[in-house]
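First the structure, then my questions, so here it is.
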Amino acid sequence: MSSKPVAPSLLDPAILLPAFKAAFIKLDPRQLIRNPVIFVTEVVAAMVTVFFIRDLATGTGSPLFTGQIAAWLWFTVLFATFAEAVAEGRGKAQADSLRRTKSELMARKLVSAEGRETQTIAATSLKVGDLVLVEAGELIPGDGDVVEGVASVNESAITGESAPVIRESGGDRSAVTGGTQVLSDWIKVRIGTAPGDTFVDRMIALIEGAQRQKTPNEIALSILLSGLTLVFLVAVVTLWGLAGYSGTVLSVTVLSALLVTLIPTTIGGLLSAIGIAGMDRLVRFNVIATSGRAVEAAGDVDTLLLDKTGTITFGNRMAANFMPVPGVTDAELADAALLASLADETPEGRSIAALATGEFGRQTPAVSLPVSGKQSGREVVALAVGGGSVQSGALAIDAVVPFAAETRLSGVDFAGRRLRKGAVDSILKFAGVRDENVPAEFRRAVDQVARTGGTPLAVADGNRLLGVIHLKDVVKPGIKERFAALRAMGIRTVMVTGDNPVTAAAIASEAGVDDFLAEATPEDKLGYIRKEQQGGRLIAMCGDGTNDAPALAQADVGVAMQTGTQAAREAANMVDLDSSPTKLIEIVEIGKQLLMTRGSLTTFSIANDVAKYFAIIPALFITTYPALAALNIMGLTSPQSAILSAVIFNALIIVALIPLALKGVKYRPVGAAALLRRNLLVYGLGGLILPFAGIKLVDVVVSALNLV
Amino acid sequence: MSIIGWLQIGLLFLAVFLAIKPLGLYMARGFAGERNFLSPVLGPVERGLYLAAGVDAKKEQGWLAYTLSMLAFSAAGFALLYAILRFQGSLPVNPQGFADVPADLAFNTAVSFLTNTNWQSYGGETTMSHFSQMAGLTVQNFVSAATGIAIALAVTRAFARSGAATLGNFWVDLTRATLYVLLPLAVVVALAFVAMGMPQTFNGSVSATTLEGVQQTIALGPVASQEAIKQLGTNGGGFFNANAAHPFENPSALSNYLSIFAMLSITSALVYTFGQMVGDRRQGWAFIAAMATLLIAGIGVIYWAESYGNPILHGLGLEASLGNMEGKEVRFGQAMSAAYAGVTTGISTGAVNGMHGSFTGIGGLVPMLLIQLGEVLPGGVGSGLYGMVVFAILAVFVAGLMVGRTPELLGKKIEGREMKYAMLAILILPASILGFTAISAVMPSAVASIGTAGPHGLSEILYAYTSATGNNGSAFGGLSANTPWYNTTLGFAMLLGRFAYAIPVLAIAGSIAAKTRVPASTGTFPTHTPLFVGLLIGIILILGGLQYFPALALGPIVEQFAMLSGQTF
């Protein structure tokens, strides 16, 4: 991963100061009605304010008490809007810098596809299908595909990664993003997206939360919270009548205080902040999601489809073992393989050398080059011996046979020996060994390697077979543990590979994936996703090629690589700017964290009500029924201080929980039951007990300051 | 409290637990239409009924058609019962020659039996003819219970099926529940009651000369048959005004035992049937565990509060060791009075063997709270099960969020639509209970009906609307509820509690049935563990009970503290 996600400090004044202002702007009831719990709080606060003004004007009632209740009810609303503003503010800085890059973009539109004659127009007037020329030092005016040329491009504006990337026509590296800078050479780009809908535009909208729509889960939770608000509205309004039975007249102020403390203001106030912070967390992991829905779906994913190459394995096969035939020592075979591989510049060849010098402890011999060393392998040999400085007593190489795709072998000739390593059939042909004469041990070693999913290479010295090199796909270190963690989360991993089933099975078992799809074509992937979805599962996959696009679109969570093609990026609902295939795992965790934070704060909010009842109910009725003093288990000073303390606690807890809402509840891959037990204990039981202490503490302060 | 008392309670629940599985399995098979030992006799009857009614037993209904059938059947049942009561004087089998029932009482009574509430604003033996009791009330005792079972079956199938458009056939479910479950069990229980000394006769009453030489009229009638279905169908409407405290309705400790057992049997076993039909019996047991925990805790509190007694009376020289025996029958004692009170309110039966209004503050609070929690412990036949499913939906929603997954119950995802209907159902209960109580509490004409001054009077009103909305039917004595205001508003409370709750529940069923059943993974939160049972209990207490705290504080809670401090009103 190129950049470690660092959350901006919560106390950053650059975020806090505008947030204060935004918090007041957000008090507009037309905006606030999207959040029913806080909207009700605002209505109630306005109502109490009216009564406060009446009390002041007429000199009746207790304006000091009413005024303070009104003030704290307004604070409750403000703290909620502030939480949202802070969450939005954290993405805003990034959005502003993006917008700056975008604002003065000019485009050099090509007059014809062939020539290089251009006319300069504003980037905003570009249309889909227009061709533009971008030369070194210029910014690319819009999203599109390179149709001609090759250039290095600095995409740091988007990815934060300063190392330039190569963009060229055709293949999987053709997509370019508007706002990025061409560093060298030139390219012709066919514009693929209309201005206003480009990647940068979407990114800005997303970060600022302008296009934020409630996700399905947020809607369901809002229904629960609105329902609870209604339930408590019924309980509080009817209390007026129930109290009337015993001759107690309850003021609007105290009923309002009771209502606001009972309705789930804590989660209601933090709900949108949690959602925005979730998207922000994703952005800091360098992933851009096109909708909050996708982030939420990520938390629900049942199956991850992962490409083998680059994700699970390093992408090229490496030598893992030498298997000599009887009569040949390990050392002999290793030496022979090492020398024969000196002229093999492929990663496989290098891995053989690395295995021989590393695990098998052989020395790379000093060699002297052949006089007529015109073969292209000479550079490699020169490299192998350390810059080609020939030492005395070095092996005198007569001829170098470099690796070639046609011959599929490489080797060296020296002192009458002809060492070769390569594909088994090529080596057998070279050594002149006929099929029926192949030694049984050699045959067995080849079979064994093939059976375990590896690739066997043979080593021969002239017509003598020395042994077999076991080449295999090397699984990335640590990947098995990640899959185990995913399994603990309840997520199946499925490896997708073009390999044959035997090879695929071997790698699958080594990497610890739950299933694999061998010899997979893009249609196979699509079919597999559809089949899983019919079983009710949610699928996530990542891909970069154009042929991945249908599967990316079909998957519930499709993550495209930033380096991928435009088609893939369009089809996916997330784009990973780091182009790291294992990023899916982080995305899943962020999705889960988002839901968990909502759930935990909901539980906390509801559990809080118990303590608030014990504070307010005895306070309301103590004059009518002195016996109810027994319910004042917190020993609060006076009825008024009890009510005020409950309201103050209710407002302050929102502020206290803003950091948690923004950071999110920590996700641990420990299985659902253990996770629930822990969260219930912390937020359920904690939510039950904490307000007793909190309200008592506020009451101590309130009565010490003589506020009522 | 005594060891013997707890043993009695323990033995009772043991007997119920033992009956759950066989009865639950029997019902699961019966509802599926499988043959059983009664099929040779009842099979032709069942087919005959379908033929007569023109019902195609193989044709299933979607949630809307199912709901409309249920509503149409209920409306017809109401019209018939209302007519019988209104024209009682002109109808046969009226040996005592009772007059027509007045309009408001007839409305209240018809709604009451239709909704499986059996709130009785009247005294049975002095108001209802034998014809009204048998052809009117007892018929509704059967079919209102069967209707509850049918709705529960629709909800059960919603979870059992995957991607389904239909929930079963209401008429078939209604017929099978009546024929194979309620009728045969009622026959057996009625015979047992007769053997225990309960009257079963068409004679109106007998006259006796008491020891003082006074003539006394002793009311008789077909008591045992009505008692059997009253308990099995969680109806609760007694033949006599004193209900199960009357020696003819509940002659002995043994008949008391059988009564409680009968109340608990079908409604508990239906939860097992749910588990069986959705293919996850552990889910059924988890629900039963949550229900039993809360119910037994409730009984324990009543038992404790009543055994502790009333210090004011102790101060006057009453024997403290007996506890508070006011309004209780000596033949049942503290333990079985507490068990009866807890069970009859945890279930929506509403039959009483003691006067809840005479209980201590806390002892009276618990029965009220058990109803307010939504009648799910284990609730009325069928209605308790679907009420529990609503709570389970809310519980998995919270639990699911806390483990970072879109919540699912038995593989069905719980989304906005289900939450909307679940909250609607949950909202109906406090709106009706607290709304009607608050209005009555400030209406002088309504307050005039109370029997006791002080907070107890408020408890009487609160209990009445709680009982009506919860479709329970028991009362906190003292309140003279046979007035046009109470008859009408209690009638509406009963209708709201039954239908305004059942319709959203059936809508949930329709939405759940259409969903694909997702296979469970380790990321799925298991809903049959003790942890979930604990969470479910917490959700029931918090979402079901928290909103009543202020009302309870002003009624039974203040009464309890006042009693402890020696204050009277």
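The values are calculated or read from the model by the stated rules, or taken from the named source; none is laboratory data. Bear in mind that the values here come from a model prediction, so they are computed numbers and not experimental data. Here Cβ is always computed from backbone atoms with ideal geometry, including for glycine, and neighbour counts include all displayed protein chains. To get the accessible areas, we keep the full protein, side chains included, count just its heavy atoms, and leave off ligands, DNA and RNA. Shrake-Rupley method; radii C 1.70, N 1.55, O 1.52, S 1.80 Å.
So what does B:MET325 come to for accessible area, using a 1.4 Å probe and Å² rounded to 10?
Roughly 60 Å² of B:MET325 is accessible to a 1.4 Å probe.
Ordered by residue, what ³J(HN,Hα) values in Hz, to whole numbers, does segment A:499-507 give under the Karplus form 6.51 cos²θ - 1.76 cosθ + 1.60, where θ = phi - 60° and Gly and Pro are x?
Calculated HN-Hα couplings, in order: 5, 6, x, 5, 4, 4, 4, 5, 5 Hz.
Follow-up question, since we're still on this one. Considering only C-alpha atoms, what is the centroid distance from segment A:416-451 to segment B:225-273, in Å?
Comparing the Cα centres of segment A:416-451 and segment B:225-273, I get a distance of 89 Å.
Moving on to the next point. Report, to two decimal places, the Cα Rg of segment A:106-160 normalised by 2.2 N^0.38 Å (N = number of residues). Before the final figure, lay out each step's value.
Numbers: Rg = 11.4 Å, N = 55, 2.2 N^0.38 = 10.1 Å.
My calculation over the Cα atoms of segment A:106-160 gives 1.13.
For segment A:21-137, give the magnitude of the charge dipole about the Cα centre (Cβ charges: +1 Lys/Arg, -1 Asp/Glu; no others), in debye to the nearest 20. Each step should come with its number before you reach the end.
Working: 14 positive and 11 negative charges, 11 e Å.
So the dipole magnitude of segment A:21-137 works out to roughly 60 debye.
Rank A:ALA571, A:ALA243, A:LEU333 by how far each Cα sits towards the positive end of the charge dipole of chain A (+1 on Lys, Arg Cβ; -1 on Asp, Glu Cβ) and give me just the farthest.
Farthest towards the positive end: A:ALA243.
Out of residues 5 or more away from A:ALA399 or on other chains, whose amide H comes under 5 Å of its own, with H placed 1.01 Å from N in the peptide plane?
Here A:ASP413 satisfy the definition.
Let me ask something else about it. Using amide H atoms built in the peptide plane, which far-off residues or other-chain residues are under 5 Å from A:TRP186 H to H?
Under 5 Å from the amide H of A:TRP186 lie the amide H atoms of A:VAL150, each far enough along the sequence or on another chain.
Could you work out the local net charge near A:GLY149, counting Lys and Arg as +1, Asp and Glu as -1, over the other residues with Cβ closer than 14 Å to its Cβ?
Working: positive: A:ARG108, A:ARG116, A:ARG167, A:ARG173, A:LYS188, A:ARG190; negative: A:GLU114, A:GLU135, A:GLU138, A:ASP145, A:GLU148, A:GLU168, A:ASP185.
Within the 14 Å Cβ shell, the charges total -1.
Considering amide H positions built from the backbone, and no H for Pro or chain starts, which residues 5 or more places from A:ALA404, or on another chain, come under 5 Å of its amide H?
Excluding prolines and chain starts, which carry no amide H, the hits are A:LEU409.
Using a probe radius of 1.4 Å on heavy atoms only, what accessible surface per residue do you get for segment B:275-348? Whole Å² is fine. Show your work: numbers first, answer last.
Details: 2710 Å² over 74 residues.
Accessible area per residue, segment B:275-348: 37 Å².
Tabulate in residue order the Karplus-calculated ³J(HN,Hα) for segment A:456-468, using 6.51 cos²θ - 1.76 cosθ + 1.60 with θ = phi - 60°, rounded to whole Hz; enter x for Gly and Pro.
Per-residue couplings from phi come out as x, 10, 9, 10, 9, 10, x, 9, 9, 7, 8, x, 10 Hz.
Tell me, in nm to one decimal, what length is gained between A:ILE121 and A:ASP12 on full extension, where the rule is 0.36 nm per residue of separation less the Cα-Cα distance?
Numbers: separation 109, 0.36 × 109 = 39.24 nm, distance 3.98 nm.
Between A:ILE121 and A:ASP12, full extension yields an extra 35.3 nm.
Using protein heavy atoms only (no ligands, DNA or RNA), what is the total accessible area buried between A and B, 1.4 Å probe, nearest 100 Å²?
On the way: alone 30360 and 20680 Å², together 46140 Å².
The summed interface area works out to 4900 Å².
With a 1.4 Å probe and all protein chains left in place, how much of the accessible area of the protein assembly as shown comes from carbon and sulfur atoms, in whole percent?
Percent of accessible area from carbon and sulfur atoms in the protein assembly as shown: 62.
Using the Karplus curve 6.51 cos²θ - 1.76 cosθ + 1.60 with θ = phi - 60°, work out ³J(HN,Hα) for each residue of segment B:206-216 in order, rounded to whole Hz, and write x for Gly and Pro.
Each residue's phi maps through the Karplus curve to give 10, 9, 10, 9, 7, 4, 7, x, 8, 7, 10 Hz.
Ok, one more. On average, how much accessible surface per residue is there in segment B:422-475, in Å², for a 1.4 Å probe, leaving out ligands, DNA and RNA?
Dividing the accessible area of segment B:422-475 by its residue count gives 22 Å².
Another question, then. Ignoring ligands and nucleic acids, what accessible area does B:VAL187 show with a 1.4 Å probe (Å², nearest 10)?
Roll a 1.4 Å probe over it and B:VAL187 shows about 80 Å².
Cα to Cα, under 17 Å, and not fewer than 8 places away if on the same chain: which lysines meet these conditions relative to B:LYS230?
The reachable lysines, counting only those whose Cα sits under 17 Å from B:LYS230, number zero.
Another question about this same structure. Of the options A:SER184, B:SER565, B:TRP6, report the single residue whose Cα projects farthest towards the positive end of the charge dipole of the protein assembly as shown (beta-carbon charges: Lys, Arg +1; Asp, Glu -1).
B:TRP6
Keeping every protein chain in place, order A:GLU481, A:GLU359 by accessible area at 1.4 Å, biggest value first, i.e. largest first.
Per-residue accessible area, sorted high to low, gives A:GLU359, A:GLU481.
Subtracting the Cα-Cα distance from 0.36 nm times the residue separation, let me have the gained length for A:SER169 to A:VAL670 in nm, one decimal. Mind dumping the intermediate values first?
Values: separation 501, 0.36 × 501 = 180.36 nm, distance 4.62 nm.
Result: 175.7 nm gained on full extension.
A follow-up question, please. Just which residues of segment B:406-423 lose 30 Å² or more accessible area with every protein chain there, against their chain alone, with the probe set to 1.4 Å?
Relative to the lone chain, where solvent access is computed with a 1.4 Å probe, segment B:406-423 loses at least 30 Å² at B:THR406, B:LYS413, B:GLY416, B:MET419, B:MET423.
Show which lysines lie in cross-link reach of A:LYS476 when reach means a straight Cα distance below 17 angstrom and same-chain residues fewer than eight apart are skipped.
A:LYS308, A:LYS583
Can you give the longest run of chain B that contains no trypsin sites (Lys or Arg not before Pro) sitting in a DSSP loop with at most 12 other Cβ atoms inside 10 Å?
B:60-569
Ok, one more. Roughly how many Å² of A:PHE442 are accessible to a 1.4 Å probe, to the nearest 10?
Here the accessible area works out near 0 Å².
Just reorder A:LYS308, A:LYS127 by solvent-accessible area, largest first, 1.4 Å probe, all chains present.
Values: A:LYS308 15, A:LYS127 125 Å².
Final ranking, largest accessible area leading: A:LYS127, A:LYS308.
How much length, in nm to one decimal, is gained on full extension between A:ALA57 and A:GLN363, taken as 0.36 nm per residue of separation minus their Cα-Cα distance? Before the final figure, lay out each step's value.
Details: separation 306, 0.36 × 306 = 110.16 nm, distance 9.81 nm.
Gain in length upon complete extension: 100.3 nm.
On to the next question. What are the residues of segment A:245-270 that lose 20 Å² or more of accessible area, with a 1.4 Å probe, going from their chain alone to all protein chains?
A:TYR245
Let me ask you something else. Calculate, for segment A:610-708, the solvent-accessible area per residue in square angstrom, rolling a 1.4 angstrom probe over the heavy atoms of the protein chains. List each step's numbers first, then the result.
Values: 3830 Å² over 99 residues.
I get 39 Å² per residue for segment A:610-708.
Another question, then. Whole Å is fine, so just give me how far the alpha carbon centre of segment B:80-156 lies from that of segment A:302-335.
Segment B:80-156 and segment A:302-335 have Cα centres spaced 84 Å from each other.
Hey, another quick one. Work out the length of the dipole vector of segment B:242-357 about its Cα centre, built from +1 on the beta-carbon of each Lys and Arg and -1 on the beta-carbon of each Asp and Glu, and round it to the nearest 20 debye. Don't skip to the answer; put the middle values down first.
Numbers: 4 positive and 6 negative charges, 66 e Å.
That gives a dipole near 320 debye.
Ok, one more. Is there a pair in A:LYS21/A:LYS127; A:LYS592/B:LYS420; A:LYS127/A:LYS592; A:LYS188/A:LYS525; A:LYS480/A:LYS666; A:LYS592/B:LYS515 whose C-alpha atoms are over 29 Å apart, and which pairs would that be? If you can, show how the numbers build up before the last one.
On the way: A:LYS21/A:LYS127 38 Å; A:LYS592/B:LYS420 23 Å; A:LYS127/A:LYS592 40 Å; A:LYS188/A:LYS525 33 Å; A:LYS480/A:LYS666 22 Å; A:LYS592/B:LYS515 22 Å.
Those over the limit are A:LYS21/A:LYS127; A:LYS127/A:LYS592; A:LYS188/A:LYS525.
Express the Stokes-Einstein translational diffusion coefficient of segment A:574-634 in µm² s⁻¹, to the nearest whole number, given a Kirkwood radius over alpha-carbon pairs, 4 °C and a viscosity of 1.567 mPa s. Don't skip to the answer; put the middle values down first.
On the way: Rh = 15.4 Å.
In µm²/s, the coefficient is 84.
Using unit Cβ charges (K, R positive; D, E negative) and no other charged atoms, how large, in debye to the nearest 20, is the dipole of the protein assembly as shown about its Cα centre?
Working: 86 positive and 89 negative charges, 85 e Å.
That gives a dipole near 400 debye.
Per q in 0.12, 0.13 1/Å, what log10 I(q)/I(0) does a Debye calculation on the alpha-carbon atoms of chain B return?
Debye output, listed in q order: -1.16, -1.37.
Provide the FRET efficiency to the nearest 0.05 for the A:LEU395-A:ASN547 pair, computing r from the beta carbons and using R0 = 60 Å. Numbers along the way, then the final one.
On the way: r = 48 Å, r/R0 = 0.80.
Efficiency computed from Cβ-Cβ geometry: 0.80.
Using r as the Cβ-Cβ distance of B:SER480 and A:LEU652, and R0 as 45 Å, what FRET efficiency do you calculate, to the nearest 0.05?
Plugging the Cβ-Cβ distance into 1/(1 + (r/R0)^6) gives 0.35.
Count neighbours as other Cβ atoms within 10 Å of each site's Cβ, and list the GluC sites (Glu not before Pro) in segment A:67-148 that are DSSP loop with at most 12 such neighbours. Each step should come with its number before you reach the end.
Working: sites: A:GLU84, A:GLU88, A:GLU104, A:GLU114, A:GLU117, A:GLU135, A:GLU138, A:GLU148; in loops: A:GLU104, A:GLU114, A:GLU117, A:GLU138.
Here the GluC sites (Glu not before Pro) that fit, given the DSSP loop and packing criteria, are A:GLU104, A:GLU114, A:GLU117.
Count charges around A:LEU552 for me, please; just the other residues with Cβ under 10 Å from its Cβ, Lys/Arg as +1, Asp/Glu as -1.
Details: positive: A:LYS525, A:ARG569; negative: A:ASP544, A:ASP548, A:GLU570.
Local net charge: -1.
Going toward the positive end of the dipole of chain A, with +1 on Lys and Arg Cβ and -1 on Asp and Glu Cβ, which of A:THR623, A:GLY591, A:ILE397 do you reach last?
Value computed over the given set: A:THR623.
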